[in-house]
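Q: Take a look at the following structure, please.
No value in this document is a laboratory result; all are computed from the given coordinates. None of these values were measured; they are calculated from a predicted model. For neighbour counting, all protein chains shown are included, and Cβ atoms are generated from backbone atoms with ideal geometry for every residue, glycine included.
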Amino acid sequence: MLQAVVICSKKKFQFTKQGDPIPFLSWLLNSLHYTLTGAKIKRSSVVFDTFQGEMVVHSRRVPPPGEAAVGERYKTTSTTTSFLYLTLDLPSSPLFTEDGDHNIIPQVPIYKLLEKYNNMTEVEYKTYDATYLKKFEITKLPKYLILAIKRFTENRFFVEKNPTIVNFPISFDMAEFLETKVSDKYANTEYNLLSNICHDGTPTTGTYSTHLHLSSASQWFDVQDLHVTKLQPQMITLSESYIQIYERADLSVDSKG
């Protein structure tokens with residue numbers, strides 16, 4: 001299987017070199033979809049039916065200082081797009097710390113990060129010649145929700161890691177981030193954590209591990225390569241989470257009885 005990944009990805013992913021799981025996950029889901037549908041983008045597949053959601057992106061251009069927002073190019077545009085995962089932006093790490101605070105790691109609740117998708121929070125995006133403010137409105141919830149926490153930033157010289165700890169529950173409700181007309185379409189908008197991929201260490205020498213929930217045994221496991229150990233649920237939230245996979249509650253075995 002590892003050799004198949006190397007060949008199919010045209011050596012983009014190598015089993016001899018540790019890679020970033022977010023690009024790999026995106027490539028894997030899209031590759032499986034294209035293979036199942038014969039590379040016909042508009043056709044559905046079990047992959048997209050399981051992981052794909054939809055949102056409307058509302059975007060407006062910000063005028064330069066001293067210029068009025070007049071004209072067609074400053075009007076708000078709305079575009080419907082699909083997603084396989086939601087990217088969560090961490091707040092910037094403080095450049096300086098107060099005396100005695102050198103060992104304090106910043107923390108942020110996951111609810112704060114998810115406010116990006118509540119159709120009220122405007123997020124700034126810069127291009128080479130303009131600045132845009134965008135709002136994201138989720139219009140369709142996926143059966144399985146993938147959250148990707150943007151922990152690494154890269155420039156021409158080095159890769160920097162944001163060590164901020166994301167506080168998250170094992171279960172949470174997406175209803176508060178949805179318009180009422182959207183949440184009313186679902187019998188249940190609560191999601192239960194199935195898997196938590198985390199990164200430990202520096203960007204260049206760190207390692208990845210996976211926290212995996214086995215529902216039939218009601219047990220969490222820590223998986224790193226071939227090493228598998230039992231894990232207490234309270235230890236999961238202490239990790240530097242990178243990717244999380246949630247299952248909508250109405251799909252779980254327990255909710256079906």
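Q: What pairs from LYS42/LYS181; LYS116/LYS140; LYS161/LYS230 go past 20 Å between their alpha carbons? Mind dumping the intermediate values first?
A: Numbers: LYS42/LYS181 26 Å; LYS116/LYS140 16 Å; LYS161/LYS230 28 Å.
Violating the 20 Å Cα-Cα cut-off are LYS42/LYS181; LYS161/LYS230.
Q: Still on this structure, I have one more. Evaluate the distance, in nm, between pseudo-label points positioned 7 Å from the Cα of ASN167 and of VAL228 along their respective Cα→Cβ axes.
A: 3.3
Q: Still on this model: By per-residue mean of other Cβ atoms within 10 Å, what is the highest-first order of 109-121, 61-73? Please report the intermediate quantities before stating the final value.
A: Values: 109-121: 16.2, 61-73: 9.8.
Going by the mean number of other Cβ atoms within 10 Å, highest first, we get 109-121, 61-73.
Q: Another question about this same structure. How many angstrom separate the Cα center of the range 37-73 from the Cα center of the range 201-257?
A: 31
Q: Which value, in debye to the nearest 20, describes the size of the charge dipole of the range 134-257 about its Cα centre when Lys and Arg Cβ atoms bear +1, Asp and Glu Cβ atoms bear -1, and nothing else is charged?
A: Numbers: 13 positive and 15 negative charges, 72 e Å.
Magnitude of the dipole: close to 340 debye.
Q: Another question, if that's okay. If Lys and Arg each add +1 and Asp and Glu each add -1, what is the summed charge of the other residues whose beta carbon sits under 12 Å from the beta carbon of GLU124? All intermediate terms of the calculation are to be shown ahead of the outcome.
A: Values: positive: ARG60, ARG61, LYS116, LYS126, LYS134, LYS135; negative: ASP89, GLU122.
Overall, the nearby charge balance is +4.
Q: Right, here's the next one. Charges only on Cβ, +1 for Lys and Arg, -1 for Asp and Glu: so what's the dipole of the chain about the Cα centre, in debye to the nearest 20?
A: Numbers: 27 positive and 28 negative charges, 256 e Å.
The calculation lands at about 1220 debye.
Q: Still on this structure, I have one more. Mind listing the phi-derived Karplus ³J(HN,Hα) values for the range 198-203, rounded to whole Hz, using 6.51, -1.76 and 1.60 with θ = phi - 60°, and x for any glycine or proline?
A: Result, rounded to whole Hz: 10, 10, 10, x, 7, x.
Q: Compute the relative contact order of the chain as a whole-number percentage, counting only Cα pairs closer than 8 Å that sit 6 or more residues apart in sequence.
A: Working: 429 pairs, mean separation 42.6, N = 257.
Contact order relative to length: 17 percent.
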